[in-house]
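Take a look at the structure below.
The values are calculated or read from the model by the stated rules, or taken from the named source; none is laboratory data. Note that this is a predicted model, so its numbers are computed, not measured. Methodologically, a virtual Cβ is constructed for each residue, glycine included, from the backbone with ideal geometry; neighbour enumeration extends over all protein chains shown. Accessible surface is based on the protein model in full, side chains and every heavy atom, while ligands, DNA and RNA are left aside. Shrake-Rupley method; radii C 1.70, N 1.55, O 1.52, S 1.80 Å.
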Amino acid sequence: GCCTQGCACDSAEPGKRQSPTDIINTQSFHGDEIPQDKITKFFATQVTDFVLSMTGRIVIAVIAIAWLAPAIYFVTQLEPTKTAEQFLREDHPLQYSITIINNEFPQSSENPGLRTYFAWGIDTLDQGGVNQLLDDDFVGKPVFKPDFAFTPTCQKKLLEACDYLQYDTGNDPLVDKLIKGSEDGFYQVKCFLRSFEEVSQERGFTANATEGVSMENLTLALTSYFNQIPREVEDIDLIQENIGFDGTSLRWVSLEVESSTLDQWSTLAEDVVRDVYEGMLDLRDKLDEMVGDSCGASGVLMTDLNQKFVFMNNQRIYRTSAVSGAVIGVVIALVVLLAATRSPILAVLSTLSILCTIMSVIGVVTMIGWTLGTVEAILISILAGFSVDYVVHLAHAYAQSYGAKEERLRTAFGEMGTPVLSGMLTSVLASLPLFTCQIVFFAKFGTFLCFTILFSWLFANFVFMGVVGMLGPARERDSADAQGDRK
């Protein structure tokens, strides 16, 4: 049978074996001491004694400082990636072949520099539907300026711009700094206007080469020029890329220069590329001022087709998004910890433990050669969320216990030491198979997860709990708590 109301039954049914939960409930009701497993006893006694002892605190402090100092240094050395994102591991045969082709062949002075364009007639780029993950060649559709007109005045002004860039007629130090020199002592500039004006005169579309082609003869002159480009013109394909002629109308024209610093294959540091980019923007403004509204609409579009400037901007996005994501994660963790513990001291100390974990993980991945790319930025952004797990359990267990600091610490270790250890071991073991993946994302995620879990567990159990043992608040039972326990 069953006991009277308010009592715990020793056995729900005679002869039926009780579950471990039933046994614990019965022992708790009768006030008997609940037996602890070896791991729980280890945390409640030896680990707690070590954390509370002066020797233990000194050892923990020395090891933590000795580790955090170089870790923080390496955090400051983390740089945005200088290469395109890799899908496969470095040691994969296919990726190894691609790396050799891209990086191992030396560059020479004969290699062309990065082709940069200054275009008139293009307003902006419509990037609707752009998805570089699915189609990295599609960067958007150009939006043309409706009032662009390739008038004789426009042609004359663009020829002056060609001379300014190729012969440095303005003695501009930017030209010498930014544009690659040519064998004839001038600069590498592609300008179709000279040959177009000469051919137009030879074929009767204009009276002389300096007069320019009238709007009435423009379509015929361009059609004739494209159908029979002079043999002496070098790089015919490149010249065709600088004329936006569709057979009936001219939508845009551009001048092309070769960079003296950047090439089409190498990826340099963000600050180097940004210096070139800002110099090209200054050069663009000077060309805009020179040509003005002679072509019907002012404004020059500067771009490169190899997306070096786009990748430079991505490098900055990687850095800023990783930092902002980590900061937001830490702030959210602080709010969650404050709500879970209702103790500002515990919440702040827990947040410091999370920050130590973040610094450690970023420091380690920098030591092993990681750079800040898309995958790394995502992982750093979610780092605080992974780091909060163990410290919040220990902080909450401490907040819910009673007694002096030492007693509360021992209770927290006794209640959560084993579950937190189990969670750490299962997560680390689960991350190990990811180390063998050939796909870069999964391999990096496994590395990131393993280090995050390990550092989070170490800082939560030793650094956080050690500091709480010194600075954590005490909590005595009041009458309401005692009555609640008796109920």
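Some values worked out for this structure:
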| item | result |
| --- | --- |
| Filter result (under 19 Å from Ala119 (Cβ atoms) and crowded, with 16+ Cβ neighbours inside 10 Å) within the stretch 164-174 | Tyr164, Leu165, Gln166 |
| Residue within the stretch 279-294 that is free of Cβ contacts under 8 Å to residues at least 12 places away in the same chain, over 22 Å from Val189 (Cβ atoms), in a loop (DSSP other than H, G, I, E, B) and not hydrophobic (A, V, I, L, M, F, W, C) present | yes |
| Near pairs, Cβ below 7 angstrom, 6+ apart or cross-chain, from the stretch 29-50 (surrounded by fewer than 15 Cβ atoms within 10 Å (Cβ to Cβ)) to any residue that is at pLDDT below 90 and part of a loop (DSSP other than H, G, I, E, B) | Phe29/Ala8 |
| Matching residues, the stretch 379-407, being open to solvent by 30 Å² or more (accessible area, probe 1.4 Å), more than 18 Å from Ser456 (Cβ to Cβ) and in contact (Cβ under 8 Å) with a residue 40 or more places away in the chain | Tyr402, Ala404, Lys405, Glu406 |
| Scan of the stretch 280-298 for residues that are surrounded by fewer than 18 Cβ atoms within 10 Å (Cβ to Cβ) and over 20 Å from Thr153 (Cβ atoms), ordered by number | Leu281, Asp282, Asp285 |
| Helices (runs of 4 or more DSSP H) (entirely within the stretch 48-113) containing at least 1 residues that are more than 30 Å from Thr436 (Cα to Cα) and modelled with pLDDT of 80 or more | 48-52, 54-76 |
| The stretch 158-177, residues that are touching a Gly at 6+ places or on another chain (Cβ under 7 Å) and either closer than 25 Å to Ser195 by Cα or among the hydroxyl-bearing types (Ser, Thr, Tyr) (or both) | Tyr164 |
| Meets criteria (of a type in the set (Ser, Thr, Tyr), on the phi < 0 side of the Ramachandran plot, out of contact with any strand residue (DSSP E or B) (no Cβ under 8 Å at 6 or more places or on another chain) and without any contact (Cβ under 8 Å) to a residue 24 or more places away in the chain) for Thr452 | no |
| Top-ranked residue of the stretch 175-200 - restricted to ones that are in contact with an Asp or Glu (Cβ under 6 Å, 6 or more places away or on another chain) and not basic (Lys, Arg), ranked as most open to solvent (accessible area, probe 1.4 Å) | Gln188 |
| Qualifying residue in the stretch 419-433 (condition: touching a residue at least 40 places away in the same chain (Cβ under 8 Å) and over 28 Å from Thr320 (Cβ atoms)) | yes |
| Long-range neighbours under 6 Å by Cβ, at least six apart or interchain, first residue without any contact (Cβ under 8 Å) to a residue 24 or more places away in the chain within the stretch 156-174, second outside any loop (DSSP other than H, G, I, E, B) and open to solvent by less than 10 Å² (accessible area, probe 1.4 Å) | Asp168/Val175 |
| Answer residue from the stretch 344-364, given it is open to solvent by 10 Å² or more (accessible area, probe 1.4 Å) and more than 28 Å from Gly472 (Cα to Cα) and is farthest from the chain's Cα centre (by Cα) among those | Val364 |
| Filter result (closer than 30 Å to Thr320 by Cα and part of a loop (DSSP other than H, G, I, E, B)) within the stretch 243-276 | Gln264, Trp265, Ser266, Thr267, Leu268, Ala269 |
| Selection from the stretch 338-361 of residues that are touching a residue at least 24 places away in the same chain (Cβ under 8 Å), under 11 Å from Ala399 (Cα atoms) and in a helix (DSSP H, G or I) | Ala340, Thr341, Ile345, Leu346, Ala347 |
| Looking only at the stretch 261-279, and only at residues there that are surrounded by fewer than 18 Cβ atoms within 10 Å (Cβ to Cβ) and of a type in the set (Ser, Thr, Tyr), the one that is nearest to Pro80 (Cα to Cα) | Ser266 |
| Count of the stretch 245-260 residues which are of a type in the set (A, V, I, L, M, F, W, C) and open to solvent by 30 Å² or more (accessible area, probe 1.4 Å) | 2 |
| Filtered residue count, the stretch 140-155, keeping only those that are free of Cβ contacts under 8 Å to residues at least 60 places away in the same chain and not in a strand (DSSP E or B) | 3 |
| Tally of residues being in contact with a strand residue (DSSP E or B) (Cβ under 8 Å, 6 or more places away or on another chain) and among the charged types (D, E, K, R) across the stretch 164-175 | 1 |
| Residue check for Phe459: modelled with pLDDT of 95 or more and either surrounded by fewer than 21 Cβ atoms within 10 Å (Cβ to Cβ) or part of a helix (DSSP H, G or I) (or both) | yes |
| Given (1) at pLDDT below 90; (2) surrounded by 19 or more Cβ atoms within 10 Å (Cβ to Cβ); (3) in a helix (DSSP H, G or I), number of the condition Trp370 does not satisfy | (3) |
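Listed here are the residues, each with its yes/no results for (1) of a type outside the set (Phe, Trp, Tyr); (2) surrounded by fewer than 18 Cβ atoms within 10 Å (Cβ to Cβ); (3) free of Cβ contacts under 8 Å to residues at least 24 places away in the same chain.
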position	(1), (2), (3)
Gln307	yes, yes, no
Val310	yes, yes, no
Gln315	yes, no, no
Thr320	yes, yes, yes
Ala326	yes, no, no
Ala333	yes, no, no
Val336	yes, yes, no
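Matching residues to (1) out of contact with any helix residue (DSSP H, G or I) (no Cβ under 7 Å at 6 or more places or on another chain); (2) at pLDDT below 90:
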| site | (1), (2) |
| --- | --- |
| Phe311 | yes, yes |
| Arg316 | no, yes |
| Ala322 | no, yes |
| Leu337 | no, no |
| Ala340 | no, yes |
| Ile358 | no, no |
| Gly363 | no, no |
| Thr366 | no, no |
